[in-house]
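A short worksheet on the structure shown next.
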Amino acid sequence: MNRLIEVVADAVTAIDSTQRIVYFNSGAEHLFGYTRGEAIGQPLSMLIPERFHHTHAEHVETFNTSLTVSRLMGERQSVFARRKDGTEFRAEASISKISQDGEPIIVALLRDITERETMQVNLRQQAEQIAVANERSRMARDLHDAVSQTLFSASLIADVLPRLWLRNPVEAQRRLEELRILNRGALAEMRMLLLELRPSALTEAKFADLLLQLGEAVAGRSGIHVETEVDPQVRTMHLHPEPQVALYRIAQEALNNVIKHSNAHHAWIRMHREENTASDKRICLEIRDDGRGFDLSHTTHDHLGLLIMRERAQSVALDFTVESTLGHGTAISVRIPEHHLQSTKP
C-alpha cells in the first residue's frame, strides 16, 4: 500500500492524534519543498499559513471526533497551504480517518490548484472580452440597421420636400410628419445606444423615461405607430436596479419581436398600477400589438425571445404572461411586486 501511495502524484500526508506528521510521500516532498526527514514528527501547522493555524486545528479535531470517516473527492474544499520557502498556494484537499495499532490516523491528499484557478480566471476574462466584443458588434449593427438607415430615409425626404411642397402641399405635409417621426426615432435610438454604452445609466434613469425612448426608437426604426402610456402615479416611481434592467431588456426584446415577427401596424406600451386587494399592489407593464399573433400551443424556435423574456422575469421574481391569438396580435404582461420599488426620488 505504501508503494502505491508513494507513486501518487498528489501530496499525501498523515497525522496522528496530536496533529504531528507521521507520513509524507514523494508528492508531498515535491509540493511543499520539505524532505521526508524534515517533515516527519513536525506539527501539521508547518504546512499551513500562520493566520489559519487555530481554525485549521479546530477543523481537524472536529473531523477526528466526528462519525465521518472520509471526505470524498467530490466534497473537496479549497484550502491555503504553505511551502518551505514561505510561499502560499491554494490546494484541493480530501481527508479520511484510519486506525493504526489502535491509534487514529488522519490521511490528507492535497493537490495544488493554482494553475487551474489561473486558467479559470483567464477563461472568465476571455468570456468577458468575447461578451464585450459581441455587444460592440450588436451596437454597430444597431447603428447601421437602425440609426443610419433612419437618417438616410430622413435625408431623402428632406431632399425632395421643397419640390414636393410646390406640387402637392398635402402630400408634403404628410412627408413632413414622417420626417419628424424619423428624426425623433433616430434621436431616441441614439439615446438608447448611449445608455447602453454606460450600463449604470439604465439603473439611474426613471423607467418611464426609458419606455418612452424605446417607443420612439421603435416607431422611427420600423414605421409602426407606437403609443406609450404611463400612469402619472407610476411615472415618478423608481425600481431597484436588478428588476429595472430585467424589465428594460424584456421591453426591448418584446418590441424587437413586434418589429421582426408581428407585421403589426400599431403597438401599445402601458405601465400602470394594479390594486387587486389591499395587500396585493403591483405595477404592471403591458406591451401589445395588432399583428398576426401566433398559436401559443405551437411555439417554435422562432419564439426563442419568449423564453429569454420569461427567464429574465423569473430571475428577479416577476410575473410574466403571454396572450396571443392568430390574427389578433400578442400581449405581454409583466407584473412587478411593490417591494421592487425604491423610495420615490425627487
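The table below lists the values:
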item	result
Which numbered condition ARG184 misses (of (1) in contact (Cβ under 8 Å) with a residue 12 or more places away in the chain; (2) under 26 Å from ILE336 (Cβ atoms))	(2)
Residues of the stretch 253-267 that turn out to be of a type outside the set (S, T, N, Q), assigned to a helix (DSSP H, G or I) and out of contact with any Leu (no Cβ under 8 Å at 6 or more places or on another chain), as a count	6
Subset of the stretch 69-80 that is under 38 Å from the mean Cα position of the chain (by Cα) and within 17 Å of ILE105 (Cβ to Cβ) - its residue that is modelled with the highest pLDDT	SER70
The stretch 312-333 residues that are in the same structural domain as ILE287 (by TED's automatic domain parsing) and acidic (Asp, Glu), paired with ones that are assigned to a loop (DSSP other than H, G, I, E, B) and surrounded by 13 or more Cβ atoms within 10 Å (Cβ to Cβ) (beta carbon under 8 Å, 6 or more apart)	none
Leading residue by the ranking (nearest to the chain's Cα centre (by Cα)) among those in the stretch 217-248 that are part of a helix (DSSP H, G or I) and under 23 Å from ILE181 (Cα atoms)	TYR248
PRO162 vs. criteria surrounded by 13 or more Cβ atoms within 10 Å (Cβ to Cβ) and in a helix (DSSP H, G or I)	no
The stretch 189-221, residues that are of a type in the set (Gly, Ala, Ser) and buried (at least 20 other Cβ atoms within 10 Å of the Cβ)	GLY215, ALA217, ALA219, GLY220
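The values are calculated or read from the model by the stated rules, or taken from the named source; none is laboratory data. No experiment lies behind these values; they were computed from the predicted model shown. Every residue, glycine as well, gets a Cβ built from its backbone with ideal geometry; the counts of neighbours run over all protein chains shown.
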